[in-house]
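Data block below; observations after.
Just so it is clear, none of the values below were taken in a lab; they were calculated from the coordinates. These figures come from a predicted structure and were not determined experimentally. Because the Cβ atoms are built from the backbone with ideal geometry, glycine has one as well, and the counts that use them run over all protein chains shown.
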Amino acid sequence: MMFKSSEGGMVVAKVMGGLGNQLFIYAAAKRLSVISDAPLRLDTISGYTEDTYDRTYSLNHFWIDEEHATSKEVDELNLGKRRNLQYHVNKVLPFRYKRFIREDKLFDPRLLDLRVVNKVYLEGYWQNENYFKDIEPIIRKNLEIVSPHDHANIELAKIMSGSNSICLHARRVNYEYLLASAYYDLAIKHMASKVANPHFFCFSDDIGWIRNNVSIDWPVTYIAQNKESKDYEDFWLMTQCRHYIISNSTFSWWGAWLNANPSKIVIAPKSWGYRAAVPKEWVIL
């Protein structure tokens, strides 16, 4: 694709939430910067000044070379700090003239048609692959993990690549959209009917819940050696599996999406509890 270069254009994206959310934010902002031929700056501060879950910026583990936005650039564009007149003026401007764009719907196609010629600040989670699908090779390359893996995880990855490995993920701690064990029972049954000799690899922030509530009658390995500070290791291991039973979590969404196996089976829940779009080729249960 060829696009007209912008003069003085810049995309500044507010990075917030956990790792999965950060990946969606980056991917949408990266696509906008690429098609506009404008630099991307990441606001890695304002999204975490009052994070109730004590989360931090985690994209430093990936092959991402965008610079961090300066406090001056953030203050200039983030109308969240100046909500009165300037915010209301920005709100009524045509989309292509906005300098502050806040997500307000599941999918906004106007972002795909936008070409940045000045400076624009993005605030939202942008949880839809259509925001970056047309630059998928770039996103996949940028989201390769560059942090070194320890020996235990490398050995696990070898087992995954040598078996019909199925990633099963459950998010439980401090989460209001909990999935019932019935979803996993149904997903396991469906997966076992499609995959011969499955080996399940279970990931969770409460691995004991899976052990006690999800019945798996096939070989199973519970992944529990990585601390929260090394969630990127769990994430990398997820991408090494062949098939997926994901939770209503952007963390496992990305683990499944980044796997390049063209014959992978991905099972996702019908109910997410928040804005999220599931690729059409995935199985919804």
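According to the Kirkwood relation over distinct C-alpha pairs, the hydrodynamic radius of the range 190-243 is 12.3 Å.
Entry note, the chain: the mean residue ellipticity at 222 nm calculated from DSSP H runs of n ≥ 4, each adding -39500 (n - 2.57), is -9500 deg cm²/dmol after division by the residues and rounding to the nearest 500. Treating the angle as unsigned and between 0 and 90°, give the value, to the nearest 10°, between the Cα long axis of helix 151-161 and the longest Cα principal axis of the chain. Roughly 80 degrees between the two axes.
Using DSSP loop states and a limit of at most 14 other Cβ atoms within 10 Å to flag GluC sites (Glu not before Pro), what is the longest stretch of the chain containing no flagged site? All intermediate terms of the calculation are to be shown ahead of the outcome.
Details: sites that count: E7, E50, E144, E176, E281.
Counting only loop sites that pass the neighbour cut-off, the longest clear stretch is 177-280.
For the chain, the longest principal axis of the C-alpha atoms and the axis of helix 19-36 are separated by about 40°. Using equal-weight Cα scatterers in the Debye expression, the normalised intensity of the range 160-285 in log10 at q = 0.11, 0.23 Å⁻¹ is -0.32, -1.68. Exposure here means at most 14 other Cβ atoms within 10 Å; with trypsin sites (Lys or Arg not before Pro) in a DSSP loop as sites, the longest stretch of the chain lacking them is 116-226.
Based on Cα contacts under 8 Å between residues 6+ apart, the chain shows a relative contact order of 19 percent.
Between the residues G8, L23, N174, the greatest Cα displacement towards the positive end of the dipole of the chain, with unit charges on the Cβ of Lys, Arg, Asp and Glu, is found for G8. Angle between the Cα long axis of helix 231-240 and the longest principal axis of the chain, 0 to 90 degrees, nearest 10? Tilt relative to the chain: about 60 degrees. The charge dipole of the range 197-250, taken about its Cα centre with unit charges on the Cβ atoms of Lys, Arg (+1), Asp and Glu (-1) only, comes to about 140 debye. Note on the chain: with charges restricted to the Cβ of Lys and Arg (+1) and Asp and Glu (-1), its dipole about the Cα centre is near 880 debye.
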